[in-house]
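Participant: The structure follows.
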Amino acid sequence: MIERVIIQMKDLKEIALYIHIPFCKQKCFYCDFPSYASLDHLKDDYVDALCKEIDEKVIDYKIKSIFIGGGTPSYLEINQIYKLLKTISKLNLTENMEFTMECNPGALEKEKLETMLSGGVNRISMGLQAVQNSLLKDIGRIHSFKQFEENFNLARKVGFKNINVDLMFGLPNQKVDEWKESLETIAKLNPEHISAYSLIIEEGTAFYKLWERNKLILPSEDDEREMYSTTKEILKEHGYNQYEISNYSKPGYECYHNKVYWRCDDYLGVGSASSSFIDGKRIKNIEDVKSYIEKVNSNESVIEEVIENSKEDNMEEFIFMGLRMNVGVSINEFKGRFGIHINSIYKDVIEKNINKKLLVLENDILRLTDKGIEVSNLVMSDFIL
């Protein structure tokens, strides 16, 4: 078992940590994340370089949450997972912090799960997307529903008490009843958290190429709206609370790390293509995996871009991200962050959307209505300065 070092140091800046693993067995047809299915030969060197970057960059912070994403972190070999978690264990970690690792049901086994748990991971996020094998095949997933179910139960047996399951609606050829079946089936398995995302066709993906050629049959807008409203109804019946547009949890199991993003708090990213937001600066690492390894090993900077947000950028992002959450945007917090009352910037926009019953202002809180959530992108576009 890896012993975790917990150091209470009040003078260290508290920050969330994102760690990027760029490897996949197969690229899903909808995925536009910086991940690769043909670089397995670089996995050892990448983990070595990643551990070196962590040692050099993260030691000066106190870590309040960790999310290992990708790609497919569970596609790493057991010895690679062990090495990464051992490096992490030496950091200044807050006690009982949330520590998530993404897992593909087609790249899991008992020993991997045991290595994760003993290494400090206390939350896993399993990408399923649908329970119908035909849909899984159509979107490029490498697993069946049976594999997911077996590995979900295995994770429980190993000792994981906080599991998220990713589902996706609006898939090609997906019917409303199939989406309802996915929701009901997963809710009965009783994971602590369910993320239910709408498919977005992103440029550069396999689906985008099909869409350009009119060869992608997607559900109608009416069906997609029904899928979204059905999600809230079914998950509420099973004891899940919607706390963000696409996220639902049992009481006490909201994802802390994601809320760091939505609150526009600081976070540090390590690994190829990772992003950071620190002291108003957006920092991006280089995307090319081989170049990342070479630069780390040569003690060169792996930072590709640094953008300093303007005050207007920060105000926009605070509104956009805050409105995603059901708790909404605090008027007082807006004034505390930016030294100006929200009405001096957004009075007309707020009144317009309140009159359309898309926003509601209750005491100090501005939030989307149910109707507003359905057209959230439209509402948020009004807040662009």
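Values in this text are rule-based calculations from the coordinates and carry no lab data. This structure is a prediction, so every number in the text was calculated from the model and none was measured. Cβ sites come from the backbone with ideal geometry, for glycine too, and all protein chains shown count toward neighbours.
Participant: Could you work out, for segment 180-324, what percent of all Cα-Cα pairs fall into each 5 Å distance bin, beginning at 0 Å and stopping at the bin that holds the largest distance?
Facilitator: With 5 Å bins starting at 0, P(r) equals 2, 8, 12, 12, 14, 15, 15, 13, 6, 2, 1, 0.
Participant: Taking Cα centroids, how far is segment 36-85 from segment 188-219 in Å?
Facilitator: A separation of 27 Å, based on Cα centres.
Participant: Taking the Cα centre of the chain as the origin and placing charges on Cβ (Lys, Arg +1; Asp, Glu -1), which of Cys51, Thr185, Leu39 is farthest toward the positive end of the dipole?
Facilitator: Thr185
Participant: For the chain, what is the calculated [θ] at 222 nm in deg cm²/dmol (nearest 500), taking -39500 (n - 2.57) for each run of four or more DSSP H residues and dividing by its residue count?
Facilitator: -12000 deg cm²/dmol
Participant: Report, to two decimal places, the Cα Rg of segment 13-262 normalised by 2.2 N^0.38 Å (N = number of residues). Don't jump to the answer; show the numbers that get you there.
Facilitator: Details: Rg = 18.2 Å, N = 250, 2.2 N^0.38 = 17.9 Å.
With N residues counted in segment 13-262, Rg over 2.2 N^0.38 Å equals 1.01.
Participant: Of all DSSP beta bridges located in segment 13-262, what percent are antiparallel, nearest 5? Numbers along the way, then the final one.
Facilitator: Values: 6 of 37 bridges.
About 15 percent, rounded to the nearest 5.
Participant: Kindly provide the pair-distance distribution of segment 311-381 built from C-alpha pairs, with 10 Å bins from 0 and whole-percent values in order of increasing distance.
Facilitator: 21, 61, 18, 0
Participant: Residue by residue through segment 159-176, which ³J(HN,Hα) values in whole Hz follow from phi under the Karplus form 6.51 cos²θ - 1.76 cosθ + 1.60 (θ = phi - 60°), with glycine and proline marked x?
Facilitator: My calculation for segment 159-176 gives x, 6, 10, 9, 10, 9, 10, 8, 10, 9, 10, x, 6, x, 6, 6, 9, 4 Hz in order.
Participant: Same structure again: Let me check I've understood the local charge: for Tyr36, count other residues with C-beta under 11 angstrom from its C-beta, Lys and Arg +1, Asp and Glu -1. What total comes out? Can you show the working numbers first?
Facilitator: Values: positive: Lys25, Lys27, Lys43, Lys290; negative: Asp40, Glu287, Asp288.
With Lys, Arg at +1 and Asp, Glu at -1, the neighbours total +1.
Participant: In whole Å, largest first, what are the principal axis extents of the Cα atoms in segment 28-146?
Facilitator: Sorted from largest, the Cα extents of segment 28-146 read 47, 31, 26 Å.
Participant: Please list the radius of gyration and Dmax for segment 82-191, considering alpha-carbon atoms only, with Å as the unit.
Facilitator: When restricted to the Cα atoms of segment 82-191, Rg and Dmax are 15.4, 48 Å.
Participant: Right, here's the next one. Could you work out the relative contact order of the chain? I mean the mean sequence separation of Cα pairs under 8 Å and 6+ apart, divided by the number of residues, in percent. Intermediate values should be presented prior to the final figure.
Facilitator: On the way: 684 pairs, mean separation 56.4, N = 385.
Relative contact order for the chain comes out at 15 percent.
Participant: Sticking with this structure for a sec: Which residue, Glu300, Glu181, Glu114, has the most motion in a Gaussian network model of the chain that connects Cα atoms within less than 10 Å?
Facilitator: Sorting by GNM fluctuation, first place goes to Glu300.
Participant: Considering amide H positions built from the backbone, and no H for Pro or chain starts, which residues 5 or more places from Glu14, or on another chain, come under 5 Å of its amide H?
Facilitator: Answer set, sorted by chain and number: Lys62.
Participant: Another question about this same structure. How large is ³J(HN,Hα), in whole Hz, for each residue of segment 21-27 in order, when computed from phi with the Karplus curve 6.51 cos²θ - 1.76 cosθ + 1.60 and θ = phi - 60°, using x for Gly and Pro?
Facilitator: Here the 3J(HN,Hα) series is 10, x, 9, 9, 6, 8, 6 Hz.
Participant: If you don't mind, there's one more thing I want to ask. Please list the non-local residues whose amide H lies under 5 Å from the amide H of Phe33, H modeled 1.01 Å from N, same-chain partners needing a gap of 5 or more.
Facilitator: Under 5 Å from the amide H of Phe33 lies no amide H from a residue far enough along the sequence or on another chain.
Participant: Under the Karplus relation 6.51 cos²θ - 1.76 cosθ + 1.60, θ = phi - 60°, what is the ordered set of whole-Hz ³J(HN,Hα) values for segment 238-247, x standing for Gly and Pro?
Facilitator: Using θ = phi - 60°, the values come out as 9, x, 9, 9, 7, 10, 8, 3, 10, 10 Hz.
Participant: Based on the Cβ-Cβ distance from Glu362 to His41, what FRET efficiency comes out when R0 is 56 Å, to the nearest 0.05?
Facilitator: Working: r = 56 Å, r/R0 = 1.00.
With R0 = 56 Å, the Cβ-Cβ based efficiency is 0.50.
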